[in-house]
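J.: Below is a structure I'd like to ask you about.
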Amino acid sequence: MRVLTGLLAGLIVGTISPASFAWESDDRAEYNNKMALLGVLLEGAYQRAGGDLQTLCLLIGISRDVTEQYLNAAPEDAQIQIRLRDMRQDLDVCLKKLEQASDADSRR
């Protein structure tokens, strides 16, 4: 499972390079394209890995980072501000569940 996560992380990092974070002012279309790509990766990873929690947390974290980068360029976008707040909450829940799963595994 760690191999899948590593490969997926490499793919995402290769796709979202530092140059791709060079937002043009209010480039909402580029943000939407990145989020659509992340959505496809998330769905594919979920189907192949049977809902691997590490992969899910990784993709939520990357989505949050992309959203934060977009908000740096377009801080007045209220819809994206709400989305970012929700992503932060989702990531917190995901990381807590991952920690609980790790604790449960260590008790075995």
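J.: Somewhere in segment 42-54, is a residue in contact with a Phe, Trp or Tyr (Cβ under 9 Å, 6 or more places away or on another chain) and either buried (at least 16 other Cβ atoms within 10 Å of the Cβ) or at pLDDT 90 or above (or both)?
T.: Yes; the residues of segment 42-54 include at least one that is in contact with a Phe, Trp or Tyr (Cβ under 9 Å, 6 or more places away or on another chain) and either buried (at least 16 other Cβ atoms within 10 Å of the Cβ) or at pLDDT 90 or above (or both).
J.: Quick check on segment 61-78: of everything there that is part of a helix (DSSP H, G or I) and either among the polar types (S, T, N, Q) or in contact (Cβ under 8 Å) with a residue 40 or more places away in the chain (or both), which residue is surrounded by the fewest Cβ atoms within 10 Å (Cβ to Cβ)?
T.: Step by step, filter segment 61-78, then rank; the result is 72.
J.: For segment 79-95, name all the residues that are open to solvent by 90 Å² or more (accessible area, probe 1.4 Å) and not basic (Lys, Arg).
T.: The answer is 79, 89.
J.: Related question: Report yes if residue 37 is at pLDDT 85 or above and open to solvent by 40 Å² or more (accessible area, probe 1.4 Å), otherwise no.
T.: Yes: the conditions hold for residue 37.
J.: Mind checking whether some residue in segment 96-105 is in contact (Cβ under 8 Å) with a residue 40 or more places away in the chain, under 25 Å from residue 27 (Cα atoms) and either among the small types (Gly, Ala, Ser) or not in a helix (DSSP H, G or I) (or both)?
T.: For segment 96-105, residues in contact (Cβ under 8 Å) with a residue 40 or more places away in the chain, under 25 Å from residue 27 (Cα atoms) and either among the small types (Gly, Ala, Ser) or not in a helix (DSSP H, G or I) (or both): absent.
The values are calculated or read from the model by the stated rules, or taken from the named source; none is laboratory data. Since the structure is predicted, the reported quantities are computational estimates derived from the model, not experimental observations. Here Cβ is always computed from backbone atoms with ideal geometry, including for glycine, and neighbour counts include all displayed protein chains. Surface accessibility is based on the protein's heavy atoms, side chains included, excluding ligands, DNA and RNA. Shrake-Rupley method; radii C 1.70, N 1.55, O 1.52, S 1.80 Å.
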